1. Report the label-to-label distance for ASN305 and ASP95 in nanometres (one decimal), using points 7 Å from each Cα along the Cα→Cβ vector.
2. Tilt of helix 43-57 relative to the longest C-alpha principal axis of the chain, in degrees (0 to 90, nearest 10)?
3. How do the peptides 99-111, 74-86 rank, highest first, by the average count of neighbouring beta carbon atoms within 10 Å per residue?
4. So between THR9 and VAL84, what do we pick up on full extension, going 0.36 nm a residue minus the alpha carbon distance?
5. Report the extension gain between GLU249 and GLU286 in nm, rounded to one decimal, defined as 0.36 nm multiplied by the number of residues separating them, less their alpha carbon distance.
6. Take the residue pairs LYS32/LYS121; LYS128/LYS217; LYS191/LYS217; LYS43/LYS90 and return only those whose Cα atoms are more than 23 Å apart.
7. Which whole-number percent gives the relative contact order of the chain, counting Cα pairs below 8 Å spaced six or more residues apart?
8. Sort out for me the Cα centre separation of segment 75-106 from segment 1-70, rounded to whole Å.
Amino acid sequence: MIAQSTLETIGSTPLVKLQKMAPSDSAEIYVKVESFNPTGSYKDRMALAMVEGAEERGDLRPGMTVVEYSGGSTGSALAFVCAVKGYRCKIVSSDAFAQEKLDTMRAFGAELEIVPSDNGKITAELIKEMIRRTEVLDADDRTFFTDQLNNRDIIRGFEKLGSEILQQIDKPIDLFCGAVGTAGMLMGVSKVLRQSEDRTRIIALEPASSPFLSTGKKGAHRVEGIGLGFELPLLDKNCYDEVRGIEEEEGRKTARRMARDEGIFAGTSSGLNMAGALQLARELGEGKTVVTVAVDSGLKYLAGNLYTG
């Protein structure tokens, strides 16, 4: 099949069964490898859903500029979608996020505004300042703020990820786990899996150092894209069964193991997802099935210490 544009290459990513990392007495673990998307991230799905949803409603029209705040992957995905569709794109980001991500946004033509961080730490205060700056940019009536934290189109975009998992796996899914950023991925996948006959348990993951979802306490961490440290408008507590905190260092070690042992080259939040999946698979035991997501490519983290630490 010949794609009519690169937007048609979003999705249909592989689901891979772990061969080495899952102990023999644990549940089987399957990983949706989202680095196969055009910008190397599952955020391509939500970026396309937000832009096309706005177009369908008439909120986004030719000649307008798309604005958003982003740690990198959403910004890269929006810049990519805007490049293909012909919109200008402005992104508010920060030096707390990987340089590769900032460079990728620029490569797709996005204009960046950088908000300084506290020594590279991702905090609720930093995210809120990025939001404030984006709202200032949105004061112009020729802009459209995709507003990822409040935009329900992203849930629709991630429902397709859940549908792909169901189509790809030939057995019941006992448990799905994933880290929470905007909450769009967990909500979209949960909606689809809970409509199936599998009675799938849904586990939300977060950095143990910023256990806002489980305890209401926020803290600093360096896992990009998740653990924002405040209430999430899209997160429906009825759509998951448990929140589990995962130690950031365990996630980083697990990301390195994923590359060495399974050939899955991914970033810090993917390592946290996999660390959570391994814990849960051991608890479930043999004969069960766990699914998680490798959300992006490890190529986005080579300038940092993830693969040198």
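1. In this crude spin-label approximation the distance works out to 1.7 nm.
2. Helix 43-57 sits at roughly 50 degrees to that axis.
3. Most protected by this proxy first, the peptides run 74-86, 99-111.
4. 25.8 nm
5. Using 0.36 nm per residue and subtracting the Cα-Cα distance, I get 10.6 nm.
6. LYS32/LYS121; LYS191/LYS217
7. After rounding, I find 22 percent.
8. One Cα centre to the other: 15 Å.
Values quoted throughout were computed directly from the atomic coordinates according to the rules given, and no laboratory measurement underlies them. What you see is a predicted model, and the numbers here were worked out from it, not measured in a lab. No Cβ is skipped: glycine too gets one built from the backbone with ideal geometry, and neighbour counts run over all protein chains shown.
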